[in-house]
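For reference, the structure discussed in these notes is given below.
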Amino acid sequence: MSAFGITRASRAHAGFVAAIVHRVSGLALAIFLPLHFLSLGLAFEQEAFDGFIAWANNPLVKVSEALLVAALTVHFAGGLRLLAVEFFGLTRAQAVWIACAFAFGIGAGLLFLLRAF
Amino acid sequence: MTPRLYLLQRGTAFVMVPLVITHLVVIMIAVHGGLSAEEILARTRGSAAWAIFYSVFVFAASIHAGIGMQAIAHEWFGLGQRAAAIAGHIFILFLLSLGLRAVFGVYGL
Amino acid sequence: MSSSPDNLLQVKIWRGCADGAYEDYVVPQQDNQTVLDVVTYIQRNLDAALAYRFACRVGVCGSCAMTVNGRPRWTCRTHVSRVAKNGMLEIAPLQNLPVIRDLVTDMTPFFEKWQEARGRFVPGEGPKDTLARVPPEQKERAAASAAIECINCGVCYSACDVVAWRDDYLGPAALNRAWAAYNDVRDGDRVGVLKAVSTGTGCNNCHTHQSCAEHCPVALNPTFSIAGLKRATLKASVKGELSK
Amino acid sequence: MIETHKTDILIIGSGGAGLFAALHAAKANPDLDITLAVKGLVGKSGCTRMVQGGYNVAVAAGDSIERHFMDTIVGGKWLPHQDLAWALVNGAVKCIHELENEYGCYFDRNPDGTLHQKAFAGQSFDRTVHKGDLTGIEIINRLSEQVWALNVHRLEEHRAVALIPTKDGSGLAGVLLIDIRQGHFRFVQAKTVLLGAGGGPTMYRYHTPSGDKACDGMAMGLRAGLALRDMEMVQFHPTGILAGNDTRMTGTILEEGLRGAGGYLLNGAGDRFMFDYHEHGERATRDIVSRAMYEEVRAGRGTPNGGIYIRMAHLGPEKVAKQFKGMVKRCEDCGFDLAGGDVEVLPTAHYMMGGIEFETDCTTALEGLYVAGEDSGGVHGANRLGGNGVANSTVFGGVSGKSMAEAIEKGADWRQPDAAVLEEHVGRCLKPFAGKPGDLNSIRETLVDLMWDKAGIVRDKDLLETCITELDDLGQEHAATGLADPTRAFNPTWHDWLNLESQILISQTIARAALARDDSRGAHYRSDFPDMGDIEKTRYTTITLQKNGKLKTGSKPVKFTIVRPGESLIDDEAGAPPEVAPPPKAAE
């Protein structure tokens, strides 16, 4: 049995892939977000300015923060697809198209962002 | 899932659309635009507007994530309906407390 | 109807109940041959006790749905050439339903949920000796018409990921029917539909994977029907109509 | 081992008749214990569901039940039982309101919101109510939902195999069924029983009905001593898909509208031939077109697979694809291009006008047994109008439900079954498990060819006599043929055997009734008696199974209880409603 019963031939279509990416990125956010909050909070508790600067320059934090941003953008795009279908009655093709467009746009932004590292 | 939970989850999603965009822009400006951490903090620290912005964000994200986790716990991790609901609520409180603490830290409240 | 001996299909068919196994058969390929014809050939010529269900043979009754090479399909109108991979077919019963034997599933849960979702008409107060005047362009009528031509074959239910993950979910077909019932202006208890579908097992569990719409043999889009129910139940819930 | 159950009302079949009966019986008395037994799943078996065209009912201004009645009588070539036809056209009006207002069928509307009624062949008024070209699905789905909501015992995948009378034969005690899933026998004792299993001429090489149909209901009635009438009247539809003998879809209908819209029928040489047979060409009536196609193929001018081509492409493939979306998709799924190419078709056996004799309250000669739908005979006479079939099953289904509830109200009680008959039928059904395994497929192939060639579209004395002899032989061969697999639970080959048993028996009644009728009218055509005969002296055929196992044919005069030939119920039109207007002109 595959992980969480995801692999079935019947699931090889855009809607399912979009939904799984949405869920997995959401799960990743839910796992990383507490760490993000915790480290931010801790950094300031110790010594406000210096702590934050030291924290922001930690490579591990940089990488995990980048992943968090990636998960956020992907989840965001998936969420737009969902809202487009559920609230604006868009057809399937349109919804997928919009999701792709947003994913592309945000992905480009992300690339831009990563260059900063 | 009931209409109440649905309202909360999709409602927080709608609320977060502008918040996420703003947040992403802030990060990009911060990291790419050459603003140093000091400069950012200098602008935001003590700013009530940003404190409110991120407090709302934390509230919305916590509720949104808690409900999502409830569904995942039931559908993927085999928790019963009730257990998943309890786990979801605990997760909301957990995220909320950590998140608000971080907001207080950053804005020096 | 040419068929040459080297034109053979390798067919694997699920035998037994939930704990069964695949068995192999070799079936001559024909120019015009549906998956149901392949199953029939095996029953008539190779394995007399192979259990399968069919009735109308032409896509009307929704009895013959099976899982073909991993996808739920109506078999009576699925041409072999469209689904065979390198001359191979793997045929199993529908997923998400109890297996009675071989390719036959028990559709009782599917129809029970149809009722649970209030997938039926409740007479209104209108006069019984005339027919309601309902223009075809009316918004509700158009929505009902778009959802109504379901043949209750169970393909969407079998394809639904949410049903696979939580078996109490009402599923796409039942909710799609409920949406048509809700949009029937002649119905005597439209809010009753919303009450029925807004429980913990109802429409709000749908994650909009759109697997139902992807696989529906008659090209319905239950996801959109369910989205409609989500909006309608949301509105009714905010107005407090669901608790009355 | 036989499990036994008791119920007030047992309904066999879940087509339009069975479902309507359940709803009406429950409405008449909600406390009744109702059991619904069906060969497949509730609402999925049967032919009402397959109705494309629609439902004839006189509800429009300008139409009248008298006009609907006259169309039915004239269309049925004065052979219908007039009281039944009258009950049909009256009941249809009530039924259509019930279907819409109580069960939720949502038929198509005109732009102003009023009911849309379309034109259908053989009718003097546009009265066919429909839901697109999937009317049957709408009706059966809505009825099934209502029945599911009732407290009705559902015996799904239960095949009725015998009507079990009382010891003195004075009434019906109950029905013997096979639980298909378990392979067990079940005897259901009931105060009243509706036989609504549906007919379906599936014994012909090319046929339209649902593939699970085998004339079980008529066969059970015949074995229980009831008379069948009009069995020679088998309606053929001109355009069934021809996809090869090993395909289930062969014989299924391509709708009549294709010819109506200007489609061509071409022989193997690619020539249009219909104008050689009739001035209306492809738009001539079903029987004329069917016979012409059959003659063309028999004369060696068919397609390579022995059919006729239907061509639509000259009307513009895009236009055809739009106007006949369902048909084009159906062909496409089966590998054919209807919009742009030629599709091979042949006439296909569609409907049996004949069946068990019954009264307007659905009672039969056997106390406790009611009949409705295609199992019954006499409503349509020699020809059924398109759109009168679903009206028939729902109207009489409803009548039977009410009648059965009333009979119980008046004191109908359980009767004791004749144990010997019960045992006899169990033995009959189990016989193939003891027999030497044989080739059921070749028996089926022989049967369908025999009926197609010798008791089909064109008949004569010699053909029919040969057919009867060969059917007798085939029956004996079938009886001696055993099953290879001893599994009883969900063994489809056991049910193939039982299907063939019913089909062969009913084939014999068709061939014998066809031999007995020495005229040609409606669906029945005798090349040795091509004339219609004297309408004033119209008789209908009857056939019974005697105690010695022999079939006995007879005939009775049709009683013109409401209208006589040459008269009409419509004041300003002498004789009959106007002939259906000839098509404007063949589309070029």
* Structure fact -> Dividing the mean separation of Cα pairs under 8 Å (6+ apart) by the residue count of the range D:420-533 yields a relative contact order in percent of 34
* To do: Work from the charge dipole of the range C:8-105 (Cβ charges, +1 for Lys and Arg, -1 for Asp and Glu, about the Cα centre) and give the residue of C:50, C:80, C:9 farthest towards its positive end.
  => C:80
* Label-zone membership for the range D:65-90, site residue D:571, 7 angstrom Cα→C-beta point, backbone N under 19 Å -> D:65-71
* Please give the calculated 222 nm ellipticity per residue for chain B, where each DSSP H segment of at least 4 residues contributes -39500 (n - 2.57) and the sum is spread over every residue; nearest 500 deg cm²/dmol? => -29500 deg cm²/dmol
* To do: Could you run the numbers on buried accessible area between C and A, total for both chains, 1.4 angstrom probe, in Å² to the nearest 100?
  => 1900
* Structure fact -> Note: the protein assembly as shown at 4 °C, 1.567 mPa s; Kirkwood Rh on alpha carbon pairs; Stokes-Einstein D in µm²/s works out to 41
* Asked: Tell me: how much accessible area in total is hidden between B and A, 1.4 Å probe, Å², nearest 100?
  -> 3300
* Leaving out ligands and nucleic acids, note down the accessible area per residue over the range B:40-104 with a 1.4 angstrom probe, in whole Å². => 47
* Asked: Which residue, C:81, C:225, C:198, has the most motion in a Gaussian network model of chain C that connects Cα atoms within less than 10 Å?
  -> C:81
* Asked: For the protein assembly as shown, what is the percent of antiparallel DSSP beta bridges, rounded to the nearest 5?
  -> 70
* Asked: Solvent-accessible area per residue for chain C at a 1.4 Å probe radius, Å²?
  -> 35
* Rounded FRET efficiency, nearest 0.05, which uses the C-beta distance separating residue B:50 from residue D:149 and R0 of 51 Å -> 0.30
* Can you list the residues of the range D:436-478 whose accessible area drops by at least 10 Å² going from the chain on its own to the full set of protein chains, with a 1.4 Å probe? -> D:441, D:444
* **Protection proxy ranking, peptides D:115-126, D:84-95, average beta carbon neighbours within 10 Å, highest first** => D:84-95, D:115-126
* Take chain C, connect every pair of alpha-carbon atoms lying under 10 Å apart with a spring to form a Gaussian network, then pick out the residue of C:84, C:49, C:92 with the largest mean-square fluctuation. => C:49
* Can you pull the percent of the range D:214-367's accessible area that's carbon plus sulfur, 1.4 Å probe, other chains left in place? -> 47
* Structure fact -> accessible surface per residue for chain D, probe 1.4 Å, DNA/RNA/ligands not counted, whole Å² -> 34
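If R₀ is 35 angstrom, what is the calculated FRET efficiency for the pair residue D:278 and residue D:60, using the beta carbon separation as r and rounding to 0.05?
Taking R0 as 35 Å, the efficiency between residue D:278 and residue D:60 is 0.70.
How many square angstrom of accessible surface are buried between D and C, both sides summed, with a 1.4 Å probe and rounding to 100?
5900
Indicate, rounded to the nearest 5 percent, the antiparallel portion of the DSSP beta bridges found entirely in chain D.
Here the share of antiparallel DSSP bridges comes out near 65 percent.
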* To do: Sticking with the crude label model, points 7 Å out along Cα→Cβ, report the distance from residue A:35 to residue D:561 in nm, one decimal please.
  => 8.7
* Would you mind calculating the relative contact order of the range D:337-417 from Cα pairs under 8 angstrom and at least 6 residues apart, reporting the percent as a whole number? => 27
* To do: Anything losing 50 Å² or more of accessible area from the isolated chain to the full protein assembly: pick those residues out of the range D:180-202, probe 1.4 Å, ligands and DNA/RNA ignored.
  => D:181
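Taking Cα pairs under 8 Å and at least six residues apart, what relative contact order does chain C come out at, in percent? Intermediate values should be presented prior to the final figure.
Details: 445 pairs, mean separation 40.5, N = 244.
After rounding, I find 17 percent.
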* To do: Evaluate the distance, in nm, between pseudo-label points positioned 7 Å from the Cα of residue A:42 and of residue D:110 along their respective Cα→Cβ axes.
  => 7.9
* Structure fact -> Partner shielding of D:40-49, as the mean number of partner chain Cβ atoms within 10 Å, equals 5
* Structure fact -> Taking protein heavy atoms only, a 1.4 Å probe, and rounding to whole percent, the accessible area of the range C:108-243 owed to carbon and sulfur comes out at 52
* Asked: Over the range D:30-101, what percent of the accessible surface lies on carbon and sulfur atoms, probe 1.4 Å?
  -> 55
* Structure fact -> CD proxy, 222 nm, chain D: helix-only mean residue ellipticity via -39,500 (n - 2.57) per DSSP H run with n ≥ 4, per residue, nearest 500, stands at -11000 deg cm²/dmol
* **Anchor residue D:131: lysines whose Cα lies under 23 Å away (excluding residues fewer than 8 positions away in-chain)** => C:128, C:139, D:44, D:94, D:118, D:319, D:322, D:325, D:329
* To do: Name the residues of the range D:293-335, by number, that are at least 40 Å² less accessible with every protein chain in place than in the isolated chain; the surface is that of heavy atoms, probe 1.4 Å, without ligands or nucleic acids.
  => D:305, D:330, D:333
* To do: Just name one of A:96, D:141, D:356: the one whose Cα is farthest towards the positive end of the charge dipole of the protein assembly as shown (beta-carbon charges, Lys/Arg +1, Asp/Glu -1).
  => A:96
* Asked: What value, in deg cm²/dmol to 500, does the helix sum -39500 (n - 2.57) over DSSP H runs of n ≥ 4 give at 222 nm once divided by the residues of chain C?
  -> -9000 deg cm²/dmol
* For the range D:217-283, which chymotrypsin sites (Phe, Trp or Tyr not before Pro) are in a loop by DSSP, counting at most 10 other Cβ atoms within 10 Å? -> none
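The values are calculated or read from the model by the stated rules, or taken from the named source; none is laboratory data. Worth saying up front: this structure is predicted, and the values here are computed from it rather than measured. Positions of Cβ are backbone-derived with ideal geometry, glycine not excepted, and every protein chain shown enters the neighbour counts. Heads up: the accessible areas ignore ligands, DNA and RNA and are worked out on the full protein's heavy atoms, side chains in. Shrake-Rupley method; radii C 1.70, N 1.55, O 1.52, S 1.80 Å.
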